[in-house]
Amino acid sequence: MANYLNISLFCVALLGLAACTNNSGDGSQQRTETPLADDRNDILTGSMTVIVDESVAEIMKDQLDVFRSSYVNTEVKLVADAERPAINRLLNGEGSIAILKRKLTDAEAKGFTQRSIKPRIFGVGYDAVVFVASKTSSDSTINYKQIGDLLAGNAAGKNSLVFDNINSSSLRLLKEVTNVEKVSAAQVSAAGSAADVLSTVQNKSNTIGVLTLNQYLALRDSLGSRDKIRILSVSKEVNGSAYRPSQSTLGDDTYPLKHEFFVLNYQPNMGLGIGFSAFLTGDRGQRVVLKYGLLPFTMPGRQLIIRDEANF
C-alpha cells in the first residue's frame, strides 16, 4: 500500500509539471488518428485503450475530457462493455487498463501472473445499484428477500426485474447479496441499455428497473417532462430501515448496494496507464466524481481564501 501511495504521489507531481508544459504555447497542437497501442507511450504521452464497465461509462467520458484537455499529447480510447465481456476484453489483450467494479480472480489473472505482470490497482469511487419504478406503481421500497425472490422466479404474479444487460455488474452484485445462483428468465429480462430500462419502466407499471446511480444521473436530465420514474428505497431486512441512494447514504454506508469501481492497470511498463491512474485518483479526478453525484474514493480537499479585510 505504501508503494502504491508513493507511486501515486510521484505521478501527481509529474502530472502537475506536464500540465504547465502542455498548456504553454499557442495551443495549436493537434491529435493524430493513430492506432492505439499500449507499447508506444510513457507516463504522460502516447496512446492506449481503456476497457470500461459500461455502468460507469458516462462518468469516465467526463474524466477523459478533463484529462485530455490538459494532456494533449495523449490519445485514450474508451471501450465500454458489460462486466463479463469487459473482463474478457482485458484478458484477450484488447487493452491493458480497465475500469471495473471488481478485481480479477486468481484464475482470471493467471495469464498476467505467468508473464510476471503485477497489477497496479486503485479505487476511483463508489457507485450504487438503483431500483426504479413507475410513479403509478404502488412500490416505494424493496428489500433483499423481494429481490432474491424476483431473481429466482419465486415471486409469481408480482413484479419483474429488467436490467440493461444480463452480464452486468449490477446483476452480479445482486446475486451475491441475495445468494441466488441461478436467475430465472420468468421474472428477469434485459432491455439492452440503461435508457431502454427507463423506457420500459415508464410504460409498464409492474416492472422494476435495475441500473446504476451513474446511469440514472446521466439520463435524468433527458427525461424532462416525461419523467415518470421514482427511485425505490432499499433495505436489507424485510422490516428494516430503507434508504435511497445518494452521496450522503453512500458516504455513511447506510445505502446497502454500494459498489466500488477501480482502475486496474496491467501494463507491463511505466506507461500512460500510470499517468491516467494518477489523474483519476488525484484531486482533479476525484472532483469529477464528486461533481457527477457519486462518492469519490478520496474526498478532495477544500481551499478557503481568508482575507485580512472584508469587501462590502
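The values are calculated or read from the model by the stated rules, or taken from the named source; none is laboratory data. As the structure is a computational prediction, the values presented were derived from the model and not from experiment. All Cβ positions, glycine included, derive from the backbone under ideal geometry; neighbour counts span all protein chains shown. All accessible areas refer to the heavy atoms of the entire protein, side chains included, with ligands and DNA or RNA removed. Shrake-Rupley method; radii C 1.70, N 1.55, O 1.52, S 1.80 Å.
Note on the range 266-293: residues that are outside any helix (DSSP H, G or I) and touching a Phe, Trp or Tyr at 6+ places or on another chain (Cβ under 8 Å) total 1. In the range 246-267, is there at least one residue being modelled with pLDDT under 95 and either farther than 26 Å from L173 by Cβ or within 18 Å of the chain's Cα centre (by Cα) (or both)? Among the residues of the range 246-267, at least one is modelled with pLDDT under 95 and either farther than 26 Å from L173 by Cβ or within 18 Å of the chain's Cα centre (by Cα) (or both), which makes the answer yes.
With F163, F131, F112 as the choices, which residue is open to solvent by 10 Å² or more (accessible area, probe 1.4 Å) and in contact (Cβ under 8 Å) with a residue 40 or more places away in the chain? The conditions single out F112. For the range 205-239, filtering for residues that are under 25 Å from D253 (Cα atoms) and either assigned to a loop (DSSP other than H, G, I, E, B) or aliphatic (A, V, I, L, M) (or both) leaves 15. Suppose we keep only residues that are among the aromatic types (F, W, Y) and in contact with a Gly (Cβ under 6 Å, 6 or more places away or on another chain) within the range 263-298. Which one would you say is farthest from L90 (Cα to Cα)? Looking at the filtered set, the residue picked out is F297.
Can I142 be described as in a strand (DSSP E or B) and under 24 Å from V288 (Cα atoms)? So that I can check it myself, show each step before the final result.
On the way: in a strand (DSSP E or B): yes; under 24 Å from V288 (Cα atoms): no.
The answer is no for I142.
Inspect all residues belonging to the range 82-97 and state whether any of them is part of a strand (DSSP E or B), under 18 Å from G282 (Cα atoms) and touching a residue at least 60 places away in the same chain (Cβ under 8 Å). Yes, the range 82-97 contains at least one residue that is part of a strand (DSSP E or B), under 18 Å from G282 (Cα atoms) and touching a residue at least 60 places away in the same chain (Cβ under 8 Å). Taken over the range 129-147, the residue count meeting the criterion of being of a type in the set (K, R) and at pLDDT 95 or above is 1.
Looking across the range 152-190, the residues that are of a type in the set (A, V, I, L, M, F, W, C), touching a helix residue (DSSP H, G or I) at 6+ places or on another chain (Cβ under 7 Å) and within 18 Å of I231 (Cα to Cα) come down to L161, V162, F163, L174.
Hey, could you check the range 167-208 for residues that are of a type in the set (K, R) and more than 18 Å from the chain's Cα centre (by Cα) and say which is modelled with the lowest pLDDT?
Filtering the range 167-208 down to residues of a type in the set (K, R) leaves 172, 175, 182, 204.
If we keep only those that are more than 18 Å from the chain's Cα centre (by Cα) as well, we get 175, 182, 204.
Details: K175: 98, K182: 95, K204: 88.
Here the answer is K204.
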